[in-house]
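Enquirer: My structure is below; once you've seen it, I'll send some questions.
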Amino acid sequence: MDGKVRMGMIGGGIGAFIGSVHRMAAALDGRMELVCGAFSSDPEKSKLSGKELFLNPERVYGSWQEMIEKENRLPEDVRMEVVSIVTPNHMHFAPARLALEAGFHVISDKPLTFDLQEAYALRDIVAKSGKIFALTHNYAAYPMVKQARHMVSTGTLGMIRKVVAEYPQGWLSSLLEASDNKQASWRTDPSRSGIAGSVGDIGTHAENLLHYITGLNITELCADVHTLVEGRKLDDDANVLLGFSNGARGILYASQISAGEENNLRIRVYGEHGSIEWAQMEPNSLIVRWLDKPIQIYRTGGPDVCSASMACTRLPSGHPEGYIEAFATIYRNVAMCIQAARSGKRAEAHYYDFPGIDEGVRGMEFICKVIESGKSNQKWIQWNT
């Protein structure tokens, strides 16, 4: 069973932004190929999407249930091996469960599920299945994020004392969901997005990034959560004070009404001896500031970066690498692990560096704790991670 890993996709059809991102990412390193899909809850739209993607019409399905059932009947060397789920939040759990129980690996968009109960149930299903489950918190896959993590884990900055993570956007500064904007419509709908808006959509990215880089668990938080656009059903701005397992303190804010902002995810980590700063909109640079030395700047592909950073660097230094490549690193790593598993082996350790079910459950717990604190007069909420 040599060759590319065969992928099916649920969701991501005509007009869906994130579906095309996932497909480009899966194809970038030449280790995965899309062989089938159920691209829409509308069977006709699914068929049209499959046609646009030049897929065999017999392997373009009217529903995800049909896809999983029929693909499972195909010969082992023909059927899909991994399912990519790129649907709104309320449609993450059921397809993932059925795919895992049918023996397929799963890559899912974030957040993990619609609610926390589904998250806990899915964790049990993943453990029982023995299959790979990956979550596309893609920002953790940037080369300079790997470098930041390396510098923290090796003690270069000393004990971490403070972390500031922020993710401001401005695209929901007006009641965009009242128009025909598909992305705004489902992301602000409690029946499809869950209990949170900005907290679930982008706040979870900031939480995942700070945990990935620092390794610290949030043990308590105090949240100010608001809906500032009149008529909106979910939060569009959140400001959270954090307490960490080592005594460090932190600030996290997620906002989709910060007019003029694009996707300005940014993190600063302060240790005893120095600090690091990384921004998604300038992803090739990691700024290091010291107490007693000049500012230092690490660059993607540069001579002094760690092996984990180089492992997800594809181009010579000075050539920008970004959003698609970070997604692609997750897909590549999963593909390498699946290809090794075909012959009963394990891939090299660094290929298992991708977000999984535990990161997904923690993200759902984070959403629930922030919303709980935002609604509470007590404010400070304990979180036993």
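Please treat every number below as a calculation from the coordinates, not as lab data. Since this is a predicted model, take the numbers as computed values, not measurements. Note that we place each Cβ from the backbone using ideal geometry, even for glycine, and neighbour counts take in every protein chain shown.
Enquirer: Return the whole-Å distance between the Cα centroid of the range 330-385 and the Cα centroid of the range 32-109.
Expert: Centre-to-centre distance over Cα atoms comes out at 23 Å.
Enquirer: OK, next. Would you please state the base-10 log of I(q)/I(0) at q = 0.06, 0.10, 0.13, 0.15 1/Å for the chain, with intensities from the Debye formula using one equal scatterer on every alpha carbon?
Expert: After summing over all Cα pairs, the log10 values are -0.23, -0.65, -1.11, -1.43.
Enquirer: So if I take the centroid of the Cα atoms in the range 132-147 and the same for the range 231-296, what is the distance between those two points in Å?
Expert: Each part's Cα centre sits 17 Å from the other's.
Enquirer: Moving to a separate point now. If R0 is 41 Å, what FRET efficiency do you get for GLU272 and LEU315 from their C-beta distance, rounded to 0.05?
Expert: Numbers: r = 35 Å, r/R0 = 0.85.
Rounded to the nearest 0.05, the efficiency is 0.75.
Enquirer: Only bridges with both residues in the chain count here: give the DSSP antiparallel percent, nearest 5. Show your work: numbers first, answer last.
Expert: Details: 37 of 63 bridges.
Antiparallel: roughly 60 percent of the beta bridges in the chain.
Enquirer: Taking R0 as 45 Å, what FRET efficiency do you get between SER153 and ALA127 from their Cβ-Cβ distance, rounded to the nearest 0.05? Intermediate results must be reported in sequence, preceding the final value.
Expert: Details: r = 26 Å, r/R0 = 0.58.
With R0 = 45 Å, the Cβ-Cβ based efficiency is 0.95.
Enquirer: Give a residue-ordered list of calculated ³J(HN,Hα) values for the range 329-336 (Karplus: 6.51 cos²θ - 1.76 cosθ + 1.60, θ = phi - 60°; whole Hz; x for Gly, Pro).
Expert: So the Karplus estimates, Gly and Pro as x, are 4, 5, 5, 4, 4, 4, 4, 4 Hz.
Enquirer: A further question on this structure: Using the number of other C-beta atoms within 10 angstrom as an exposure proxy, rank SER108, SER245 with the fewest first. Write down the numbers at each step before the final one.
Expert: On the way: SER108 26, SER245 13.
So the residues, fewest neighbours to most, are SER245, SER108.
Enquirer: For a quick check: sort MET91, MET159, MET144 by the number of other beta carbons within 10 angstrom, fewest at the front. Don't skip to the answer; put the middle values down first.
Expert: Values: MET91 19, MET159 11, MET144 25.
With the fewest neighbours first, MET91, MET159, MET144 line up as MET159, MET91, MET144.
Enquirer: Further question: Tell me, what ³J(HN,Hα) does each residue in the range 30-46 have, in order and in whole Hz, if you take phi through Karplus 6.51 cos²θ - 1.76 cosθ + 1.60 with θ = phi - 60° and put x for Gly and Pro?
Expert: Result, ordered by residue: x, 10, 10, 9, 7, 10, 7, x, 10, 8, 7, 6, 8, x, 5, 5, 4 Hz.
Enquirer: To continue, here is another question. For each of VAL229, VAL152, count neighbouring Cβ atoms within 10 Å of the residue's Cβ, then give the residues from fewest to most. Don't skip to the answer; put the middle values down first.
Expert: Values: VAL229 18, VAL152 21.
In increasing order of surrounding Cβ atoms, one gets VAL229, VAL152.
Enquirer: Can you run phi through the Karplus equation (6.51, -1.76, 1.60; θ = phi - 60°) for the range 85-98 and list ³J(HN,Hα) in whole Hz, with x for Gly and Pro?
Expert: Using θ = phi - 60°, the values come out as 9, 10, 9, x, 3, 5, 10, 8, 5, 4, x, 4, 4, 5 Hz.
Enquirer: Just to verify a number: FRET efficiency for GLU44 and ARG342, C-beta to C-beta distance, R0 = 30 Å, to 0.05?
Expert: On the way: r = 36 Å, r/R0 = 1.19.
Here the calculated transfer efficiency is 0.25.
Enquirer: What lysines could a cross-link reach from LYS375, if we take a straight Cα to Cα line under 24 Å and drop same-chain neighbours fewer than 8 places away?
Expert: LYS110, LYS233
Enquirer: For LEU135, what residues show an amide H to amide H distance below 5 Å, using hydrogens built from the backbone and excluding near sequence neighbours?
Expert: Amide H neighbours of LEU135: SER108, GLY356.
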